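> Below: one structure in structure tokens.
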Amino acid sequence: MCGRFTQAYTWEQLVRLYRLTFPPQNIEARYNVCPTDPIDTIALAEDGGMTFARARWGLVPYWWSKTLKELPATFNARSDGVATKPMYRDAFKKRRCIVPMSGFYEWRQMEDGKQPFFISAADSGVLSVAGLWDTWKDRASGEVIRSATLIVTEANPFMSDIHDRMPVFLPAGRIDAWLSGQGGTDLLVPAAVGSLRAWPVSRRVNSSRQPGDDPTLIEPLKAA
């Protein structure tokens, strides 16, 4: 699963990759994005263009009748159930998005504990993760919350050395098919071998309390 990632890129990168016509946004690099944090998302606008929005990481379906504290973990949606599970199936049909990221963390079990690794694109570019979004109204406060989840699939041979699952990364040529709904679960496949790189990083990132603006979190771990 993917429970921590980074969003460190420029607005210009998003404009080029997603053909955004949205007014420029102030984007601050974040190196320790955790579940329930606000995340950047890209979705189709009503006019067919691309729109940018921030959303709570952890999908809250529009029909959820309990409190957020009672919501199960929804920051990842497995590709093999996303089209059928009640928590996700309506968003899968109608509300798809892309979650851009510059990389993500995953942990490998070692003799002395779990070792975090940072995984990024081999070319250092922005990764486009298949996601879903929804809006939910808190009945107590009246607040309307936009939320999103990342879709994960089985790991490719490269990632399987670290973890058994990975986010679904969409190549540029498949983004439109995903967002428009023309493509189905056939798009939700592991990334091509050779498209990612990884290195061990400090265990400081094990804590969700680590400052999100600290770029040293993704620096390669120095040999002892």
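Derivation of every value follows stated rules applied to the coordinates shown; laboratory data play no part. What you see is a predicted model, and the numbers here were worked out from it, not measured in a lab. Note that we place each Cβ from the backbone using ideal geometry, even for glycine, and neighbour counts take in every protein chain shown.
> Assign unit charges at the C-beta atoms only (+1 for Lys and Arg, -1 for Asp and Glu), then state the dipole size of region 71-121 relative to its Cα centre in Debye, rounded to the nearest 20.
So the dipole magnitude of region 71-121 works out to roughly 500 debye.
> Just going by the charge dipole of region 86-159, with Lys and Arg at +1 and Asp and Glu at -1 on Cβ, which of Ala130, Met101, Phe117 is farthest out on the positive end?
Ala130
> Sticking with this structure for a sec: Looking at the calculated P(r) for the chain, what percent of the C-alpha pair distances fall above 24 Å?
Details: 10532 of 24976 pairs.
Percentage above 24 Å: 42.
> For region 5-218, what is the number of Lys pairs with C-alpha distance below 24 angstrom, counting only pairs 8 or more positions apart or on separate chains?
Summing the qualifying lysine pairs gives 11.
> A further question follows. Report, by chain and number, residues whose modeled amide H sits under 5 Å from the one on Arg108, excluding near sequence neighbours (fewer than 5 apart, same chain).
Gln115, Phe117
> Run the quick spin-label model on Thr36 and Glu219: label points 7 Å from Cα toward the beta carbon, then report their separation in nm to one decimal.
Placing both labels 7 Å along Cα→Cβ, they lie 3.1 nm apart.
> Can you list which of the chymotrypsin sites (Phe, Trp or Tyr not before Pro) found in region 108-171 are DSSP loop residues with at most 14 other C-beta atoms within 10 Å?
Here no loop site has a sparse enough neighbourhood.
> Report the charge-dipole magnitude of region 1-82 in Debye, nearest 20, computed about the Cα centre from +1 at each Lys and Arg Cβ and -1 at each Asp and Glu Cβ.
Details: 9 positive and 8 negative charges, 47 e Å.
About 220 debye.
> Put +1 on the Cβ of each Lys and Arg and -1 on the Cβ of each Asp and Glu in region 177-224; which of Leu179, Val193, Val205 then has its Cα farthest toward the positive end of the dipole?
Positive-end residue among those listed: Val205.
> Starting from region 1-80, pick out the GluC sites (Glu not before Pro) whose DSSP state is loop and whose Cβ has at most 12 other Cβ atoms within 10 Å.
Those satisfying the criteria are Glu28, Glu46.
> With an 8 Å Cα cut-off and a minimum separation of 6 or more residues, compute the relative contact order for region 126-195 in percent.
Dividing the mean separation by the residue count of region 126-195 yields 31 percent.
> For Ser79, Ser147, what's the fewest-to-most ordering of other Cβ within 10 Å of each Cβ? Display every interim value, and only then the final one.
On the way: Ser79 20, Ser147 27.
In order of increasing Cβ crowding within 10 Å: Ser79, Ser147.
> Relative contact order for region 1-154: what percent, with Cα pairs under 8 Å and sequence separation of 6 or more? Write down the numbers at each step before the final one.
On the way: 314 pairs, mean separation 41.5, N = 154.
Reported as a whole number, the value is 27 percent.
> Taking the alpha-carbon centroid of each part, what is the distance from region 58-93 to region 116-172 in angstrom?
One Cα centre to the other: 14 Å.
> Also: Among His163, Thr84, Thr41, which residue has its Cα furthest toward the positive end of the charge dipole of the chain, with +1 on Lys/Arg Cβ and -1 on Asp/Glu Cβ?
After comparing all options, I get Thr84.
> If you place +1 on the Cβ of every Lys and Arg and -1 on the Cβ of every Asp and Glu, how big does the dipole about the Cα centre of region 5-218 come out, in debye to the nearest 20?
Charge dipole of region 5-218: 480 debye, to the nearest 20.
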